[in-house]
Amino acid sequence: MALSTTPVSVSTSKNIPAQNYTLPLILVTSLFFLWGTAYGLLDVLNKHFQETLNITTARSTLLQAAYFGAYFLIALPAGFFMNKFGYKRGIILGLLLYAFGAFLFYPAAQRSDFNFFLIALFILASGLGCLETAANPYVTVLGKPESSEFRLNLSQCFNGVGSFIGPIIGANLFFGKQNSGNLDSVKMVYLIIGAIVLIIAFLFFRTHLPEIKESKLVSEKSLDVKPLFKHKNFTGAIVAQFFYVAAQVGVAALFINYCTEPGKGINNTEAAYLLGIGMILFTVGRFVGTGLMKIIAPNKLLTLYAIINILLCIVVVSGKGIFSVYSLIAVFFFESIMFPTIFALGVKDLGHHTKKASSFIIMSIVGGALVPFIMGKITDNYSINYAYVVPLVCFIVVAWYGLRGYKIVEE
């Protein structure tokens, strides 16, 4: 997905020189690209399955339910696994689940069985949940502490690259003339993905990766004894992240349906390319937002971007024609900083609670599993324009967090 987390800066006293970390950093960064590509393909699959499997819009959004539901269920178990067996084994486990789920797409396509696809996608996304839980904090210690934020932002950019390459692959292969009515292209794409993921898993197996000790993830201010859920910035972040992910996934899941509505003059292939452009804007927005945070407080920028997206969603809901499509594409740009900014504000000053808090915030990704189904139901029963009232409301919650919810309340 174009979904990634930004943990707080980590201070360690025993960092190996950064030049010794080049290969591990490249390998871990490849994980960001892998789950970005998987997410980018997901939204194209929605429309493709509607046509090839003859399912409703609402039912097609069960793909998002399976994908993000896996994140919700796997976050805490993945954290426990990595605490016991180490991050390297956790990453390899995630890659093996990813590959296994990708290979299951072949028999699912052979049987043209949508429920089988849901199982395959759930297994694949369980692997991605393991990777996300491990990779974000891991990148921060692969080098000098003072450059940890740069490394993480760099890795996140590759997540964005994968997110816009996914729709382009789907546009060319899923909606091409030779594959418009069958699932042959789905078989080929996911077999290739599975093979690539296995190769990367082998490289991880053969590469020495320094393990992260719990003590290295704890700052010098970790003597906080206040219970985790007494931290208002953390509990607010769970709520805000739930609604943000719901908005992000909902906007993208029905993007192609919205663009191909009568009166807009856009076909499936063109809509998939426009989705790719949206993902490019998402990536560019991350660069721009990172630069703006040097002069604008993160919470203020978060609020500003949320308000802009509220206004854009009003145009999407009420407008017709190509201008409303352009407004929907612009939403991607202003979404770009929201997930990592909410995450960073949510774990700020949590001390020894930081790692556990990270797992809970990752679990809030479940918003992406629930809300698209609601949008699909609105689309089937009323209008796809009205469905975009849902992300509009979600962005109102994000704006609230940027205004008030992020504040650290001293007790």
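Just so it is clear, none of the values below were taken in a lab; they were calculated from the coordinates. This structure is a prediction, so every number in the text was calculated from the model and none was measured. Glycine also receives a Cβ, built like all others from the backbone with ideal geometry; neighbour counts cover every protein chain displayed.
Brief remarks on what is shown
- Rounded FRET efficiency, nearest 0.05, which uses the C-beta distance separating Leu228 from Ile322 and R0 of 56 Å: 0.70
- Note on Ile196 and Val393: the extension gain reaches 67.0 nm, defined as 0.36 nm multiplied by sequence separation minus the Cα-Cα distance.
- Ile314-Gln110 FRET efficiency (beta carbon distance; Förster radius 60 Å; 0.05 resolution): 0.85
- Size estimate for region 228-411 follows the Kirkwood approach: the inverse of mean 1/r over distinct Cα pairs works out to 16.8 Å.
- Maximal additional length on extending the Asn267-Phe85 stretch stands at 60.6 nm, based on 0.36 nm per residue less the C-alpha distance.
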